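Below you'll find the structure, written out as structure tokens, and then a few comments.
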Amino acid sequence: MTGTRRAARTRGLLYYIGLGLSAGLLALLGLVAALVIVVPAVSGATPMTILTGSMQPTYPPGTLIIVQPLAPEEIAIGDPITYQIESGKPEVVTHRVIAISTTSNGLTFTTQGDNNAVADAKPVLPVQIRGKVWYSVPYIGYVNTVVNGDSRSWIVPLIAVTLFAYAGWMFASGIWQAVRRRRRLRERGLVTTH
């Protein structure tokens, strides 16, 4: 086997390995996108990021949780719920329900972080509840925070420009390889010019 054939065979193998890895990465990104964008959008759920360690080890900081709205009557002891810290204000926390009480004003929920030694000081009222944690995706919350945070105004255009530049580079390198291949074949006399 000549050195040229051996090099072509090695490039062929590396090409297929790279193609397989690219396809696997694309499939993984598609799955993550479905889990964090498509499923929540279709089901009416809300993706949120865990920012503190109060729910470790179940939901460490950086975990993306998908919060599914539900009626307060459907909440059970042991459910992790996301609720407003103060009614009507946007700040929320996710803690586990450890007790449910019925008062003259209706249901109240006692919550506690998995990593906290004591229960939360104030009971949670049904009006504060945003929903129950449906599922979580580790580490993706950091990406969610960056893309939806203050840096959104520059990070999204940067990603778009990078993707377009990569596509342009791939297109240009494909044309360059085709030109080089045609030139080699022409030098060998395998292709004639018109």
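Counting pairs of Cα atoms in the chain, how many percent are more than 23 Å apart? Looking at the chain, the distances longer than 23 Å represent 61 percent of pairs. Screening the chain for whole DSSP H helices with an alpha carbon extent of at least 20 angstrom along the helix axis and a mean Kyte-Doolittle hydropathy of at least 0.5 yields 3-33. Of the peptides 34-41, 76-83, 20-27, 58-65, the ranking by mean beta-carbon count within 10 Å, highest at the top, reads 58-65, 76-83, 34-41, 20-27. Taking only DSSP H segments of four or more residues, each worth -39500 (n - 2.57), what value at 222 nm results for the chain once the sum is divided by all its residues, to the nearest 500 deg cm²/dmol? Result for the chain, helices only: -14500 deg cm²/dmol. Projecting the Cα atoms of Leu185, Ala165, Ser101 onto the dipole axis of the chain, where Lys and Arg carry +1 and Asp and Glu carry -1 at the beta carbon, places Leu185 farthest toward the positive end. Is the range 46-140 rounded, prolate or oblate when judged by the Cα gyration tensor, a ≥ b ≥ c being the square roots of its eigenvalues, rounded requiring a/c under 1.5 and prolate requiring a/b larger than b/c? Prolate shape, in that a/c is at least 1.5 and a/b is the bigger ratio.
In the elastic network of the chain, a GNM with C-alpha springs shorter than 10 Å, the most mobile of Gly131, Gly113, Gly168 is Gly168. This model, with +1 at the C-beta of Lys and Arg and -1 at the C-beta of Asp and Glu, gives the chain a dipole about its Cα centre of some 2220 debye.
What longest region of the chain stays clear of GluC sites (Glu not before Pro) that DSSP places outside H, G, I, E and B and that have at most 11 other Cβ atoms within 10 Å? It works out to 92-194.
Quick note: the coordinates plus some simple rules give every number you see, no bench work behind them. Just so you know, these numbers come straight off a predicted model, no measurement behind them. For neighbour counting, all protein chains shown are included, and Cβ atoms are generated from backbone atoms with ideal geometry for every residue, glycine included.
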